[in-house]
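The values are calculated or read from the model by the stated rules, or taken from the named source; none is laboratory data. Small disclaimer: the values here were computed from a predicted structure and weren't measured. Cβ atoms come from the backbone with ideal geometry, glycine included; neighbour counts cover every protein chain shown. Just so you know, the surface numbers come from the protein's heavy atoms only, side chains and all, with ligands and any DNA or RNA stripped out. Shrake-Rupley method; radii C 1.70, N 1.55, O 1.52, S 1.80 Å.
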Amino acid sequence: QVQLVESGGGLVQAGGSLRLSCAASGSIFSDNAMGWYRQAPGKQRELVARISSGSGVWTHYADYVKGRFTISRDNAKNTVYLQMNSLKPEDTAVYYCATGPPRAYFTARFDYWGQGTQVTVSS
């Protein structure tokens with residue numbers, strides 16, 4: 001059974017940085033595409049970033065985080081990261097990790113989701 005456990009969330013001031021981690025188990029990590037999504041109160045879940053399977057040569061970012069956030073993966077540690085810099089109050093949300101087959105990088109249709117980690121950015 002695939003399990004995803006996010007960590008690294010917290011409270012940070014605007015302009016600060018956080019690094020989220022997502023540890024995966026139950027599947028061959030390197031075979032899977034990975035993604036980060038977020039959901040703010042009263043809003044729908046939205047894409048933040050995704051990374052292709054294997055060595056992660058392809059990455060995709062939502063316009064609202066491009067240039068500020070970086071997604072990466074360490075297949076030896078079965079972990080995907082989201083480095084978040086220049087945080088803004090509007091980045092406040094629960095951040096979710098997701099995994100799926102390689103095509104999920106193109107379709108954004110992920111099969112498994114973590115429980116989420118709260119990120120709060122104060123002004």
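Only one residue in V94, V80 is open to solvent by 30 Å² or more (accessible area, probe 1.4 Å), farther than 16 Å from S17 by Cβ and not in a loop (DSSP other than H, G, I, E, B). Which one?
Unique residue meeting the criteria: V94.
A single entry from S7, S21, S17, S53 fulfils the requirement of being within 15 Å of the chain's Cα centre (by Cα), in contact (Cβ under 8 Å) with a residue 24 or more places away in the chain and surrounded by fewer than 13 Cβ atoms within 10 Å (Cβ to Cβ): S17. The residues of segment 24-44 that are more than 11 Å from the chain's Cα centre (by Cα) and either part of a helix (DSSP H, G or I) or surrounded by 13 or more Cβ atoms within 10 Å (Cβ to Cβ) (or both), listed by number, are A24, S27, F29, S30, D31, N32, A33, Q39, A40. If you filter segment 56-77 down to residues that are within 18 Å of T120 (Cα to Cα) and outside any strand (DSSP E or B), you find that the one that is least open to solvent (accessible area, probe 1.4 Å) is V65.
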